[in-house]
Amino acid sequence: MKKIAILVIIALSFCYCSMLSRSYRLGNEAAVNKDWDGAIKYYERALLDDPNNSVYRLALLRARIAASYAHLNEARRLASQGERDEALAEYEKALSYNPGDRYMAEEVKSFRRGEPKEEKPKEIKLELPVKLKVSDEKIKLKFTDAPLRSVFQALGKLSHVNIIFDEQFRDIPFSIDLADMNFEQALDSLCLASKNFFRIIDEGTIIVAPDLPAKRLQYELNAIKTFYLSNINAQDIQAALTSILRTQYKAPSIFVDKNLNSVTVKDAPAVVELAEKVLTIWDKPKGEVIIDLEIMEVSRIKLQQLGMDLEQHLVGLRYSEAETAETTGWKNLKDLDFSKIENFQITLPTAFLQFLEQDADTKMISQPRLRGIQGEEITYLVGDRIPIPRTTFTPIAAGGVSQQPVTSFQYEDIGIDVKITPQIHFEKEITLELEIKIRSLGGIGYANIPIIATREVKNIIRLRDGETNLLAGLLKDEERKTIRGIPGLKDIPIVGSLFSNTELNITQSDVILTITPYIIRTIPFGEEDLKPLWVGLKGVASSAATAPRLSEEELYERRARQRAEQESMATRRKAAGQSSISLRPNNVVVPQGRTLRMSLNISSQQEIANLSLTLDFDPQVLNLMEVIQGGFIRRLGENPPFLENIDNSSGVCTIGFSSTEIGKGISGTGSIATLVFEAKGKGEGVVSIASISANGPDGQTISFEGGQSRVIVR
């Protein structure tokens, strides 16, 4: 009776424990079906029955977080469809499950107030330390064949701005229409059309200089600004940032502090402003995902033992005389009597029949929840580490034979090793790079060294947010059959099974893995990030939101109108008999390292007795190799005086000629000289006629109009 009472108590205890865990099992079933609200209800009931159970507590916490993100995603979906009331209800559910999430709370507050989730990015504009104090009133000025210096001065007087000029400023006749512009717009257009630039000296003074690399380096302001990066490595973007900010004048100065993860840029304000905009676009936080894994390993071991089993497998024979009482163990050979059969004893093995069948099922489930950043590897390992002996032989003494064994141990991971690298796409999809290794003990090999069985899968899959993928079929099936019995008798058909024992061992194992990714944070891209950055307009980098005052079409139309006015002015001058010296071709593109020939042409209706002119060119882009005398000078006779002086270091060349006969000159059109240039460096350069001095046969001064040519070296 006492034994029966104990069994009843054990059975009742087992039933009671089963009743307590039923809610937990129902919660697990709801969690598998992604019914997080139902799972929370069952887990809370299980925890209420057993408040000290840590398994129930962790399961409830996991379900609450999963339910929070599920309702948050549903709220965002409803909000995007304009269903405000339904979205607000989902937001409240999400916040009730995870009230400690500050970002979620801010999002819910913004949604209740009707505010957009994303704040409008502030406009990036680098303020200059000195600004001009001018009004925004529109001006109406139009100049036709006026000296360029006078055009600038008239614009300055109208706006009460003092304009000073660089020593290399070229005062050439110029035509331009500056109607319906304020002072800054007019100044930008005038500098752009005349190949000049300006720098603000103080609130009422500017200086105008030719747009040449040397002058840019001389007059342009430099700004230094440090940018502290939060999400990208400063050293990784240094080369790319240098390439983007490089201009035709110079490369920017960029300094990286790896300790503060900061980038310091030193260059013109426009370049620093562009650097800030580029870094703002680059320095974005990476997206984050949560990956739910369910790993189930099912193994089955089936054992069958049927037949006769001999206990010792030995047959023994010995001689013994039962009547002998001596116990010394020594006998004389003459006393042995082999004729009596009772003096012999035989030992036979014990035999018994085995009818054994064993079937064991094992199930191991792991449900990790992993959180990671896109592009970074997430590793999950569950298992054991076992030592594997490694034996090497070393010499006992220096210079001896390697005969001393030294054993060391190398630990190997046994279990399930999962490596996942997520990548978030803009289509709310996730690419997962999977590497799954399943390593188990496959037996014992030589010298009792464990044999490790490995199953490995590498795959790349793309899933939608919340989509579940099933990976199964990692099956291992092993069958061993052993037959033991009496030699000869066990091989007899049918009857042989009575004299043998058959052992059948079947081992089966399978691994099933489900993976479900959830996007909890994406890269914060806005409309401003998708707009292009305009570089080279007015020397300032501006986005589409801060577009330049003149569009490309307006600039093209204005340049075409100015070109037409200049051609019309040249035609009127030619009709009036005004003299001019020009460079041909006007615009040319040449590869680096090639030679370029440029013709210096003259047109004059008045006779010229002597002439000298000065050419300016960019020595960093062009190298003047030779000046070849033209056909126009040969009209003066044989070997007329011809002057050429080339200074490539400063980019200046002086050319001149004079008549050999007093009171005689030449007129008409022709070529003064041919200039042979070498394309030295990449960039844009201008060859221009800086000054012209000419006299007629009677000594009167002849005025000329000069020209210029634009050269691009690539």
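The values are calculated or read from the model by the stated rules, or taken from the named source; none is laboratory data. Note that the structure is a prediction, hence the values are computed from the model and not measured. In this analysis, Cβ positions are derived from the backbone assuming ideal geometry, glycine residues included, and neighbour counts consider all displayed protein chains. Note: accessible area is taken over every heavy atom of the protein model, side chains too, but ligands, DNA and RNA are not part of it. Shrake-Rupley method; radii C 1.70, N 1.55, O 1.52, S 1.80 Å.
Computed from the C-beta positions of residue 381 and residue 233 and an R0 of 41 Å, the FRET efficiency is 0.90 to the nearest 0.05.
Report the FRET efficiency, 1/(1 + (r/R0)^6), for residue 179 and residue 135, where r is their Cβ-Cβ distance and R0 is 22 Å, rounded to 0.05.
On the way: r = 17 Å, r/R0 = 0.76.
Here the calculated transfer efficiency is 0.85.
Quick one: accessible area per residue over region 596-644, 1.4 Å probe, rounded to a whole number of Å²?
On the way: 2310 Å² over 49 residues.
With the other protein chains kept in place, region 596-644 gives 47 Å² per residue.
With the simple spin-label model, which puts each label point 7 Å out from Cα in the Cβ direction, the residue 607 to residue 594 separation comes to 4.4 nm.
Provide 621, 130 ordered by accessible surface of protein heavy atoms (probe 1.4 Å), highest first. Write out the running numbers ahead of the final one.
Working: 621 5, 130 50 Å².
Sorted descending by solvent-accessible area, the residues read 130, 621.
Taking Cβ atoms as reference points and 11 Å as the exclusive limit, the residues near residue 234 contribute a net charge of -2, counting Lys and Arg as +1 and Asp and Glu as -1. The residues packed around residue 628, meaning those with a beta-carbon under 12 Å from its beta-carbon, carry a net charge of 0 if Lys and Arg are +1 and Asp and Glu are -1. Length available on full extension from residue 146 to residue 218: 0.36 nm per residue minus the Cα-Cα distance, which gives 23.1 nm.
Computed from backbone phi with θ = phi - 60° and the Karplus coefficients 6.51, -1.76 and 1.60, the 3J(HN,Hα) list for region 77-92 is 5, 5, 5, 5, 8, x, 8, 6, 5, 5, 5, 5, 5, 5, 4, 5 Hz; x is used for glycine and proline. In the assembled protein chains, residue 425 presents an accessible area of approximately 50 Å² (probe radius 1.4 Å).
Could you please state how large a percent of the accessible area of region 637-695 is carbon and sulfur, counting protein chains only and using a 1.4 Å probe? Display every interim value, and only then the final one.
Details: 1240 of 2760 Å².
C and S fraction of accessible area: 45 percent.
Packing order of peptides 45-57, 664-676, highest average first: 664-676, 45-57 (average count of other Cβ atoms within 10 Å over each peptide's residues).
For region 222-286, rounded, prolate or oblate, judged on the Cα gyration tensor with a ≥ b ≥ c (square roots of eigenvalues), a/c < 1.5 rounded, else prolate if a/b > b/c? Please list the in-between numbers first.
Values: a/c = 1.77, a/b = 1.63, b/c = 1.09.
It is prolate, given that a/c is not under 1.5 and a/b is the larger ratio.
Where both residues lie in region 125-261, what percent of DSSP beta bridges are antiparallel, nearest 5? Of all bridge pairs located within region 125-261, approximately 75 percent are antiparallel. Computed from label points 7 Å out along Cα-Cβ, the spacing between residue 714 and residue 698 is 5.3 nm. Between residue 242 and residue 109, the modelled labels are 4.5 nm apart [label points 7 Å from Cα along Cα→Cβ].
Which order do you get for 183, 642, 525 if you rank them by accessible area with a 1.4 Å probe, largest at the top? All intermediate terms of the calculation are to be shown ahead of the outcome.
Details: 183 5, 642 55, 525 75 Å².
I get 525, 642, 183, largest accessible area first.
Packing-based ranking of 133-143, 369-379 yields 369-379, 133-143, ordered from highest to lowest mean Cβ neighbour count within 10 Å. Note on residue 371 and residue 171: with the Förster distance fixed at 45 Å, the Cβ-Cβ geometry gives a FRET efficiency of about 0.05.
Ranked by solvent-accessible area (1.4 Å probe, protein heavy atoms only, all chains present), the residues 441, 611 order from largest to smallest as 441, 611. Could you tally the net charge around residue 691, taking each other residue with its Cβ under 13 Å from the Cβ of residue 691, Lys/Arg +1 and Asp/Glu -1? Summing Lys and Arg as +1 and Asp and Glu as -1 gives -3. In plain terms, the chain from residue 282 to residue 89 could stretch by 65.9 nm, reckoned as 0.36 nm per residue minus the Cα-Cα distance.
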